[in-house]
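The values are calculated or read from the model by the stated rules, or taken from the named source; none is laboratory data. The shown structure was predicted, so the numbers you read here are calculated from the model rather than taken from an experiment. Because the Cβ atoms are built from the backbone with ideal geometry, glycine has one as well, and the counts that use them run over all protein chains shown. Only protein heavy atoms, including side chains, enter the accessible area calculation; ligands, DNA and RNA are left aside. Shrake-Rupley method; radii C 1.70, N 1.55, O 1.52, S 1.80 Å.
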Amino acid sequence: MINPKLVPEGFGRGSQTTITMNKIAVQVLMRNLFLTSLTAVLLFLLSCGHANSPEGVAEEFLFRYFIELNQRGALELSTGLAVDKLNKEIGLLQSVRREPNLDLSKYKPLIDYKLVNTQERDGESATLYYDVIIQRKSGEQVTREQVLSVTKVGGVWKVNNFETFNKDSP
């Protein structure tokens, strides 16, 4: 039991204190809601800026192409020669992807990639170099170099060419 002599005057002794406490709780809740909303908006704006950059479009392209195995998704981020290459791959894989009960996950290796170098030219184009590490189900690990050329098309960065090179052989 709480000793009433230790409780400050007016604290917990009537509805006025309860109303004051509720107002404080609402103010704290509103401040937290505002700060959370502000943080979400800032993160969204920062991520949008990164997406429309040479690195942003390259990362999204690599994710769709290597991780999701989604050539059609990568096609949305492409222009020029990259479109031609992806359309050719899509055509070659069409019959395979139509097979019933096809489960690509049992064949899909673990893939990671890391940006190694960027060469930006004139603010309108860039070449990005990535190390792509492929860990096969057998345990074998191989490293490839992925070179992406990106360019601005109507103010939006697009992949206009991509090439893969074997880094493991001398």
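Every condition in (1) modelled with pLDDT of 95 or more; (2) surrounded by 18 or more Cβ atoms within 10 Å (Cβ to Cβ) is met by D131 except one, and the failing one is (2).
Taking L110, is it open to solvent by 50 Å² or more (accessible area, probe 1.4 Å) and within 21 Å of the chain's Cα centre (by Cα)? Yes; evaluated as a whole, the condition is true for this residue. When region 88-120 is filtered for residues that are of a type in the set (A, V, I, L, M, F, W, C), touching a Lys or Arg at 6+ places or on another chain (Cβ under 9 Å) and over 28 Å from T151 (Cβ atoms), the ones remaining, listed by number, are L104, L110. Can you name the residue in region 72-87 that is under 19 Å from the mean Cα position of the chain (by Cα) and over 18 Å from Q146 (Cβ atoms) and, of all such residues, is most open to solvent (accessible area, probe 1.4 Å)? Among them, the one singled out is R72. A residue that is in a helix (DSSP H, G or I), surrounded by 13 or more Cβ atoms within 10 Å (Cβ to Cβ) and in contact (Cβ under 8 Å) with a residue 12 or more places away in the chain can be found somewhere in region 88-98.
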